[in-house]
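Here the structure is laid out as structure tokens; the discussion comes afterwards.
The values are calculated or read from the model by the stated rules, or taken from the named source; none is laboratory data. These figures come from a predicted structure and were not determined experimentally. Here Cβ is always computed from backbone atoms with ideal geometry, including for glycine, and neighbour counts include all displayed protein chains.
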């Protein structure tokens, strides 16, 4: 046998192996799958034995070209080839190393497999080296093959394959991570402009579409329309069935809007149960027809959940975008919202086109302006009381005063309740005002003669506050005031709106000894019905029946009947808005108990320190002309 040293060229190993293999790494390589291919059975047995004795554990032989291809094909499992190295004898008929390399490179499962080509020559062949290595053959071995040269070469080739696999896996991971990042970026980009629940555009996307629409309207003399949609009874369903049902309804509504409008219209979910739709190139008349069609779509809108059927409707505000207005996208959206607000205020289930003259918006702006003033007045003690006398006809003297609240403005300016009380009620500030009035009235009353009483006005919402009863109880104890000197006044409409709560609170306070007056009696449609069951001591006839009493026979009949019925129920009667002596004379003839009005006295900031029992001077300045 020729013992000429084996010549080894390993082009990949020279650049990839940077340090010695650890025992663990070597053990991994010894487990790699090696395929030996050739025509001669004895040569294959020799190679297999040589590698086995060197510690390699997975060796497969393929005799002939077909066996080689079959081994490669069967080695593929789950898009991965289990063969880690092909040792190809150049004596194999029908397949050269270059041809095998070319075939392996065509398939992802095979292209990383290195090839060791066994040269038939025993000496260096420069041309063969350039040809084979230039075509991707990993290693070229020259005969004779020895135990000193062959196993290290195989180990090196397997190390190359192992590194290639790791690089390929890392590349695959990076590509997968990049793909996931692109998906996440696309989702993020979608979420920036769309609502997560319904998939509709969001407010940000609407503002962008409005900017573009404004540009078209101004430069191309077109017109557009923005529809603002608010589901009227959504809160009822959401509270009764829960958010899951509410979300299901919102998705259903979004799909209904997609079917109703065209694909190029901008559909938006603005808020919880609010939607908007921007339609370009549409004139005002067509926009109104479209809005009415939309209202019809939601009129009686049916939604089923767990066997319960809900019928909804929608309030729709319309803002027409035309080229003679210089507005921003934010202003257009605000106008559409205001139109929707007006539609809801006017009864819901209707369409309203924005107008700057809408009274509902004036009221809302008034509330917005007054709310911070009221809060500041509460913090800075800028409220004051004025007192209007109430005259007892049987005693012929003033025996109690009605407390009337005022709010201080700049300088000597005073604001009257009609300007700030409705705002306080709407903004949830009225209870704080009620508490202030009660505290102030009790503190003043303890400085007055024991024969004088105070009538204190209360809002309807105070009866829902659990702190009110303890407050009155505490103030009675602290001031030592006789409870019967305190007359709480509540309007008939407030009593009716919170009937059961008001009735319970009135009963509790009357048990303390306080009295109650039902103010504005007669203004409601069911006045007598509530009077029969509502526990009050005094009725105050609505001033609308009194102002023209001596000239209106109908008012005379009604007032007399109110007084008679109240007396039959054991209640006293106060007539307010008494301004003429002739009106007073009529009321006296009807048997009224108390009178109040400018004939008796205007509201005043100072209280008398003694009781005026003289009737004649009291009325001297108020005699009829």
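If the condition is being surrounded by 15 or more Cβ atoms within 10 Å (Cβ to Cβ) and closer than 27 Å to residue 485 by Cβ, then segment 409-431 contributes 421, 424, 430, 431.
Here is the figure for segment 64-95: residues that are free of Cβ contacts under 8 Å to residues at least 12 places away in the same chain and either in a strand (DSSP E or B) or under 24 Å from residue 42 (Cβ atoms) (or both) total 4.
Could you please give the count of residues in segment 594-608 that are part of a strand (DSSP E or B) and surrounded by 17 or more Cβ atoms within 10 Å (Cβ to Cβ)?
Of all residues in segment 594-608, those part of a strand (DSSP E or B) come to 594-595, 604.
Restricting the remaining residues to those that are surrounded by 17 or more Cβ atoms within 10 Å (Cβ to Cβ) gives 594-595.
Total meeting the criteria: 2.
Here residue 196 meets each of (1) at pLDDT 90 or above; (2) surrounded by fewer than 19 Cβ atoms within 10 Å (Cβ to Cβ) with one exception, condition (1).
For segment 442-456, check the following and say yes or no: at least one residue is surrounded by 14 or more Cβ atoms within 10 Å (Cβ to Cβ) and under 39 Å from the mean Cα position of the chain (by Cα). Looking for residues that are surrounded by 14 or more Cβ atoms within 10 Å (Cβ to Cβ) and under 39 Å from the mean Cα position of the chain (by Cα), one finds none in segment 442-456, hence no. Can residue 517 be described as touching a strand residue (DSSP E or B) at 6+ places or on another chain (Cβ under 7 Å), more than 21 Å from residue 595 (Cα to Cα) and assigned by TED's automatic domain parsing to the domain that holds residue 543? Against the criterion (touching a strand residue (DSSP E or B) at 6+ places or on another chain (Cβ under 7 Å), more than 21 Å from residue 595 (Cα to Cα) and assigned by TED's automatic domain parsing to the domain that holds residue 543), residue 517 does not qualify. Taken over segment 96-114, the criterion of being in contact (Cβ under 8 Å) with a residue 40 or more places away in the chain and over 60 Å from the mean Cα position of the chain (by Cα) is satisfied by 97, 114.
Here is the figure for segment 96-108: residues that are under 18 Å from residue 164 (Cα atoms) and part of a loop (DSSP other than H, G, I, E, B) total 4. From the list 463, 516, 488, the one residue that fits, being modelled with pLDDT under 90 and within 28 Å of residue 530 (Cα to Cα), is 463.
Find the residue count for segment 46-58, including only residues that are farther than 20 Å from residue 119 by Cβ and not in a loop (DSSP other than H, G, I, E, B). Steps first, please.
Start the filter on segment 46-58 by keeping residues that are farther than 20 Å from residue 119 by Cβ, which leaves 49, 52-58.
From what's left, not in a loop (DSSP other than H, G, I, E, B): 49, 52-53, 58.
So the count comes out to 4.
Does residue 158 qualify as being assigned by TED's automatic domain parsing to the domain that holds residue 41, surrounded by 11 or more Cβ atoms within 10 Å (Cβ to Cβ) and at pLDDT 85 or above? I'd like the intermediate steps shown before the answer.
Working: assigned by TED's automatic domain parsing to the domain that holds residue 41: yes; surrounded by 11 or more Cβ atoms within 10 Å (Cβ to Cβ): yes; at pLDDT 85 or above: yes.
For residue 158, the condition - assigned by TED's automatic domain parsing to the domain that holds residue 41, surrounded by 11 or more Cβ atoms within 10 Å (Cβ to Cβ) and at pLDDT 85 or above - is met.
Residues that are in contact (Cβ under 8 Å) with a residue 40 or more places away in the chain and farther than 19 Å from residue 453 by Cβ within segment 465-481 comprise just one, 469.
Looking at segment 201-319, what strands (runs of 3 or more DSSP E) fall wholly within it and have at least 2 residues that are within 17 Å of the chain's Cα centre (by Cα)? Those strands (runs of 3 or more DSSP E) span 224-231, 266-269, 274-279.
Within the set 51, 29, 47, the sole residue that is under 60 Å from the mean Cα position of the chain (by Cα), surrounded by 14 or more Cβ atoms within 10 Å (Cβ to Cβ) and modelled with pLDDT of 65 or more turns out to be 29. For the residues 6, 61, the requirement of being over 22 Å from residue 164 (Cβ atoms), touching a strand residue (DSSP E or B) at 6+ places or on another chain (Cβ under 8 Å), at pLDDT below 80 and not in a helix (DSSP H, G or I) singles out 6.
Being assigned by TED's automatic domain parsing to the domain that holds residue 119, more than 21 Å from residue 120 (Cβ to Cβ) and either free of Cβ contacts under 8 Å to residues at least 40 places away in the same chain or in contact with a helix residue (DSSP H, G or I) (Cβ under 8 Å, 6 or more places away or on another chain) (or both) is true for just one of 41, 48, 54. Which residue is that? Among 41, 48, 54, only 54 is assigned by TED's automatic domain parsing to the domain that holds residue 119, more than 21 Å from residue 120 (Cβ to Cβ) and either free of Cβ contacts under 8 Å to residues at least 40 places away in the same chain or in contact with a helix residue (DSSP H, G or I) (Cβ under 8 Å, 6 or more places away or on another chain) (or both). Look at (1) surrounded by 15 or more Cβ atoms within 10 Å (Cβ to Cβ); (2) more than 42 Å from the chain's Cα centre (by Cα) and you find that residue 465 fails only one, number (2).
One line per residue, one yes/no per condition, for (1) under 30 Å from residue 51 (Cβ atoms); (2) modelled with pLDDT of 85 or more; (3) crowded, with 18+ Cβ neighbours inside 10 Å; (4) touching a strand residue (DSSP E or B) at 6+ places or on another chain (Cβ under 6 Å):
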residue: 177; (1), (2), (3), (4): no, yes, no, no
residue: 181; (1), (2), (3), (4): no, yes, no, no
residue: 184; (1), (2), (3), (4): no, no, no, no
residue: 200; (1), (2), (3), (4): no, yes, yes, yes
residue: 225; (1), (2), (3), (4): no, yes, yes, yes
residue: 234; (1), (2), (3), (4): no, yes, yes, no
residue: 247; (1), (2), (3), (4): no, yes, no, no
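Tell me which strands (runs of 3 or more DSSP E) are completely within segment 331-416 and hold 1 or more residues being out of contact with any helix residue (DSSP H, G or I) (no Cβ under 8 Å at 6 or more places or on another chain) and modelled with pLDDT of 90 or more, or say none if there are none.
Numbers: elements: 351-353, 383-392, 397-408.
Those strands (runs of 3 or more DSSP E) span 383-392, 397-408.
Residues in segment 293-334 that are closer than 16 Å to residue 225 by Cβ and either free of Cβ contacts under 8 Å to residues at least 24 places away in the same chain or exposed (fewer than 14 other Cβ atoms within 10 Å of the Cβ) (or both): 293, 324, 325, 331, 334.
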